[in-house]
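What follows is a short report on a single structure.
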Amino acid sequence: MIKSLRGMNDILDENEYKRFTYFLDVATDVAKKYGFHYIETPLLEETALFKRSVGESSDIVGKEMYQFIDKGENDVCLRPEGTAGVVRAFIQKKLDKAGGIHRFFYYGPMFRYERPQKGRLREFHQFGVESFGVASVYEDAAMIMMVADILKRLGIGYRLQLNSLGDTNCMPQYRDNLVSFIESVEDDICQDCKRRKETNPIRVLDCKNEKCQSLYENAPKLINALCDSCENDFETLKKILDDNGITYEIDTNLVRGLDYYSKTAFEFVSDNIGSQSAIAGGGRYDRLVEFLDGRPTPAVGFAMGIERLLELIDMPEESREGYYLGAMDNEAIDTIVSLTHKKRASDKAVCDYKAKNLKNHLKSADKMNAKYCCVIGTNEMNEGTVWVKDLQNKTESIIKREDF
């Protein structure tokens, strides 16, 4: 028997697919309320896109991409994250040259080759939002408030962690100071951190090695080295969140896992999913459009890992909906099929193609959580009627077929 690949799961279980589609309904509704519209990008992209955007120093590019040479000798990979593809599409459609404000949301599968564990699969799904053309820190706050609104609608508790990564004015000097510190403890850090020191030093702060983390507690903090502009933006961001009742904590080691972030960085974490506690994260990436050969464009966004959220969702009580239609005699099956087709113009409707007694039809209707069980037997065929039971109110009625 052929089975699914390791780390690539089917969304088939009733409880899982209901939670999955409910999450998408809620997240999409919130994003639309914030003025965002849907975008879809290909699963397969040139490998160079992610090397240039995510950064060759990242674990994603260095260790985790599903990368191969296709039949046309192109170096391609399955997308490991969503932002780079959206930025590529933004530039390809010349929206960077058009100017103005462009706001998108997307959802779909991403792929990373890593050790599968709970909430972290090789094929996983993300919901993401990207905003282009707004330099104001108020847009950063809107991203954070959008995540908070989605999680509130889903009944998911969280802790919000904030940091500022500075910009091209304050980052270079901080980088030099951080490298000096790393060199002072270099004999005791892991090999990944030694590599990161040469490629992107700030990413050592994201190391998950406990020994490294204990050493970095004494590292210089970027938040203490911000230029006036970055510090003012960060103070404004905190005030906006305070004014809108969104609590947060400052995490000076929060750098995100990707190389293209600057200024605002944020992460929503849950204490209910074990060690992989991040459930959403994002920040500002004003330089990425330019890195990918577009016109300099301010941008900010976030992504949420859907699988990590599923078990945390507080599902609403499921109400009955739609119609179940069944025949008690074979002669009534064609009539039932026609009535079902007619009813689908305005409502959810499902019919059974087998003739059954009334008891079995009621069981089937109840199993699919239908609001109405509608049955035609010999009497109904002769009289041109439909027997209808409201399974919610437990009432019965006889309706003429032309009025059904």
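The values are calculated or read from the model by the stated rules, or taken from the named source; none is laboratory data. Because the structure is predicted, anything quoted here is derived from the model rather than measured. Glycine also receives a Cβ, built like all others from the backbone with ideal geometry; neighbour counts cover every protein chain displayed. With ligands, DNA and RNA removed, areas are computed over all heavy atoms of the protein, side chains included. Shrake-Rupley method; radii C 1.70, N 1.55, O 1.52, S 1.80 Å.
Among the conditions (1) in contact with a helix residue (DSSP H, G or I) (Cβ under 9 Å, 6 or more places away or on another chain); (2) in a strand (DSSP E or B); (3) not β-branched (Val, Ile, Thr), the only one that residue 265 does not satisfy is (1). Screening region 222-242 for residues that are more than 28 Å from residue 151 (Cβ to Cβ) and of a type in the set (Asp, Glu) and picking the one that is least open to solvent (accessible area, probe 1.4 Å) gives 231.
Within the option set 245, 257, being part of a loop (DSSP other than H, G, I, E, B), open to solvent by 20 Å² or more (accessible area, probe 1.4 Å) and modelled with pLDDT of 85 or more holds for one residue only, 245.
For region 84-96, check the following and say yes or no: at least one residue is closer than 21 Å to residue 299 by Cα, among the hydrophobic types (A, V, I, L, M, F, W, C), out of contact with any helix residue (DSSP H, G or I) (no Cβ under 9 Å at 6 or more places or on another chain) and surrounded by 16 or more Cβ atoms within 10 Å (Cβ to Cβ). Scanning region 84-96, I find at least one residue that is closer than 21 Å to residue 299 by Cα, among the hydrophobic types (A, V, I, L, M, F, W, C), out of contact with any helix residue (DSSP H, G or I) (no Cβ under 9 Å at 6 or more places or on another chain) and surrounded by 16 or more Cβ atoms within 10 Å (Cβ to Cβ), so the answer is yes.
Quick one: which residue in 70, 25 is under 20 Å from the mean Cα position of the chain (by Cα), surrounded by fewer than 12 Cβ atoms within 10 Å (Cβ to Cβ) and of a type in the set (D, E, K, R)?
25
Those strands (runs of 3 or more DSSP E) of region 316-404 in which 1 or more residues are surrounded by fewer than 19 Cβ atoms within 10 Å (Cβ to Cβ), of a type in the set (A, V, I, L, M) and out of contact with any Gly (no Cβ under 9 Å at 6 or more places or on another chain) occupy 385-390, 395-400. Kindly indicate whether any position in region 199-221 is among the charged types (D, E, K, R), open to solvent by less than 40 Å² (accessible area, probe 1.4 Å) and either outside any helix (DSSP H, G or I) or more than 26 Å from residue 85 (Cβ to Cβ) (or both). The answer is no, given that none of the residues of region 199-221 is among the charged types (D, E, K, R), open to solvent by less than 40 Å² (accessible area, probe 1.4 Å) and either outside any helix (DSSP H, G or I) or more than 26 Å from residue 85 (Cβ to Cβ) (or both). Within the option set 160, 154, 121, 78, being more than 30 Å from residue 6 (Cβ to Cβ) and either modelled with pLDDT under 95 or not acidic (Asp, Glu) (or both) holds for one residue only, 160. Does region 123-145 contain at least one residue that is part of a helix (DSSP H, G or I), open to solvent by 50 Å² or more (accessible area, probe 1.4 Å) and within 30 Å of residue 102 (Cβ to Cβ)? Yes, region 123-145 contains a residue that is part of a helix (DSSP H, G or I), open to solvent by 50 Å² or more (accessible area, probe 1.4 Å) and within 30 Å of residue 102 (Cβ to Cβ).
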